[in-house]
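In what follows, a structure is listed as structure tokens, so that the remarks can point back to it.
The values are calculated or read from the model by the stated rules, or taken from the named source; none is laboratory data. Keep in mind the model is a prediction, meaning the values are calculated, not measured. In this analysis, Cβ positions are derived from the backbone assuming ideal geometry, glycine residues included, and neighbour counts consider all displayed protein chains. All accessible areas refer to the heavy atoms of the entire protein, side chains included, with ligands and DNA or RNA removed. Shrake-Rupley method; radii C 1.70, N 1.55, O 1.52, S 1.80 Å.
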Amino acid sequence: MLILALESSCDETSAAVVEMEGDSKKILSNIVASQIEIHRRYGGVVPEIAGRAHIEAVSGITHEALDTAGASLSDIGAVAVTNAPGLIGALLVGMNFAKSLAYSHNIPLVPVNHIKAHGAAAYLEYPDLKPPFLALIVSGGHTCFYEVKDYTDWRYLAGTRDDAAGEAFDKVGRVIGCPYPAGAEMDKLAAAGDPSSIPLPSPALHGTLDLSFSGLKTACLNYIHNLDQKGMPVNRENMAASLTAAICGGIYAKASDALDLTDAETLVLAGGVAANSHLRRALADLCEKKKVRFCVPPLSLCGDNGAMIAAQGYYEFLSGVRAGTDLNASAN
Ligand code: KG4
Ligand code: ZN
């Protein structure tokens with residue numbers, strides 16, 4: 001069946017048409033309109049501006065997704081849409097557009113959780129991948145482990161108690177002059193730096209599977225400000241490499257514990273920060289050591305996109321999830 005999916009939870013408006021049938025998964029279109037250039041001058045996402053930009057983009061993007069896929073609305077078996085979590089004003093735009101499309105064309109409407117959808121991106125890359133598995137979702141807003149018992153049955157295991165890993169990359173990156181969002185540039189800078197040059201606290205908390213990135217972020221900012229007060233420049237490569245080592249080290253340790261605890265045979269890494277080359281390598285090494293299958297979506301499916309919403313939407317549809325025009329969005 002063909003799924004038309006819409007995503008507007010943060011700063012990308014995306015629409016996709018994906019053909020899903022058993023183990024066969026085919027992305028026919030996956031159009032992403034990024035607002036990054038708009039938000040860059042403010043150093044982060046401005047929710048009000050994001051909502052307005054989604055309104056401008058959503059209709060054109062949806063038509064482009066249908067045209068690229070060579071499909072019309074009469075071919076669509078379900079409209080999937082992100083309804084949580086995210087910026088509330090941003091979510092409402094995609095959700096209300098999806099509602100009106102579904103209602104006016106009498107197509108089933110399926111609400112999708114954005115975090116589960118990040119994990120579902122892996123089904124598109126590994127058509128044979130099936131639950132159960134351990135999912136690690138690392139993005140700008142989340143860093144969490146889930147036991148994925150079934151396609152729609154996710155149990156929260158552990159995660160960050162404060163900031164997400166992506167937030168730490170973005171905030172430290174901003175102070176050393178990387179444009180928003182800093183993750184991709186920090187990735188490149190880190191490759192040229194010495195990861196042991198700046199002593200930083202580990203984000204791995206003791207006696208729990210949880211993580212905490214706010215102390216690490218503050219330690220980086222204090223280090224940079226101290227140098228600044230002495231009139232000394234920070235070595236950007238070393239800062240990026242040290243922060244990356246701390247983040248990857250903490251996540252590696254907790255992923256190792258989570259695999260032991262759950263006896264999982266597969267680890268799925270997903271979310272925007274799953275694009276990080278150092279994190280991908282670290283977790284691939286961990287899985288090789290533990291003889292666990294490692295699945296991570298290609299870079300094009302790590303950031304927010306409609307195809308991942310379609311993938312999760314398909315399984316929600318199969319499990320009978322439907323929404324009416326009273327569907328609401330939720331920021332959490
Ligand atoms: O999943 P996503 O697109 O949006 C949220 O749901 O939050 O994740 C965005 C985050 C940003 O913090 C961005 O800096 C980060 O993913 N990111 C990266 C890389 N590419 C994107 N972080 C580290 N290394 C990267 N290569
Ligand atoms: Zn996301």
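Could you check the stretch 179-191 and list, in sequence order, the residues that are open to solvent by less than 50 Å² (accessible area, probe 1.4 Å) and assigned to a loop (DSSP other than H, G, I, E, B)? I'd like the intermediate steps shown before the answer.
Residues of the stretch 179-191 that are open to solvent by less than 50 Å² (accessible area, probe 1.4 Å), as a first pass: 180-183, 186-187, 189-190.
Of everything in the stretch 179-191, those that are open to solvent by less than 50 Å² (accessible area, probe 1.4 Å) and assigned to a loop (DSSP other than H, G, I, E, B) turn out to be 180, 181, 182.
Residue-wise test of (1) in the same structural domain as residue 158 (by TED's automatic domain parsing); (2) part of a helix (DSSP H, G or I); (3) buried (at least 24 other Cβ atoms within 10 Å of the Cβ).
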position	(1), (2), (3)
251	yes, yes, yes
257	yes, yes, no
284	yes, yes, no
309	no, yes, yes
329	no, no, no
332	no, no, no
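How many residues, within the stretch 17-68, are over 27 Å from residue 185 (Cα atoms) and touching an Asp or Glu at 6+ places or on another chain (Cβ under 9 Å)? Full working, then the answer.
Going residue by residue through the stretch 17-68, those that are over 27 Å from residue 185 (Cα atoms) are 17-29, 52, 55-56, 58-68.
Subset that is touching an Asp or Glu at 6+ places or on another chain (Cβ under 9 Å): 17, 23, 25-29, 66.
Summing the residues that are over 27 Å from residue 185 (Cα atoms) and touching an Asp or Glu at 6+ places or on another chain (Cβ under 9 Å) in the stretch 17-68 gives 8.
List the strands (runs of 3 or more DSSP E) inside the stretch 126-178, counting only whole elements, that have at least 1 residues being more than 13 Å from ligand 2 (Cβ to nearest atom) and buried (at least 23 other Cβ atoms within 10 Å of the Cβ).
Values: elements: 133-138, 143-150, 153-159.
It comes to 133-138, 143-150.
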Looking at the stretch 286-311, which of the residues that are more than 12 Å from ligand 1 (Cβ to nearest atom) and out of contact with any strand residue (DSSP E or B) (no Cβ under 9 Å at 6 or more places or on another chain) is farthest from residue 182 (Cα to Cα)?
291
Out of all the residues in the stretch 62-69, is one or more without any contact (Cβ under 8 Å) to a residue 40 or more places away in the chain, away from ligand 2 (no atom under 16 Å from the Cβ) and either touching a helix residue (DSSP H, G or I) at 6+ places or on another chain (Cβ under 8 Å) or on the phi < 0 side of the Ramachandran plot (or both)?
yes
Within the group 243, 259, 286, which residue is within 25 Å of residue 114 (Cα to Cα) and not acidic (Asp, Glu)?
259
For the stretch 17-44, enumerate the residues that are within 14 Å of ligand 2 (Cβ to nearest atom) and small (Gly, Ala, Ser).
34
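Being out of contact with any Pro (no Cβ under 9 Å at 6 or more places or on another chain), farther than 20 Å from residue 331 by Cβ, of a type in the set (S, T, N, Q) and outside the structural domain of residue 165 (by TED's automatic domain parsing) is true for just one of 96, 106. Which residue is that? Don't jump to the end; show me each part of the working.
On the way: 96 fails: farther than 20 Å from residue 331 by Cβ.
Unique residue meeting the criteria: 106.
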For the stretch 264-282, how many residues are polar (S, T, N, Q) and surrounded by fewer than 24 Cβ atoms within 10 Å (Cβ to Cβ)?
2
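Looking only at the stretch 278-310, which residues are more than 21 Å from residue 143 (Cβ to Cβ) and touching a residue at least 12 places away in the same chain (Cβ under 8 Å)?
Filtering the stretch 278-310 for residues more than 21 Å from residue 143 (Cβ to Cβ) gives 288-289, 291, 293, 300, 306-307, 310.
Listed by number, the residues that qualify are 293, 300, 306, 307, 310.
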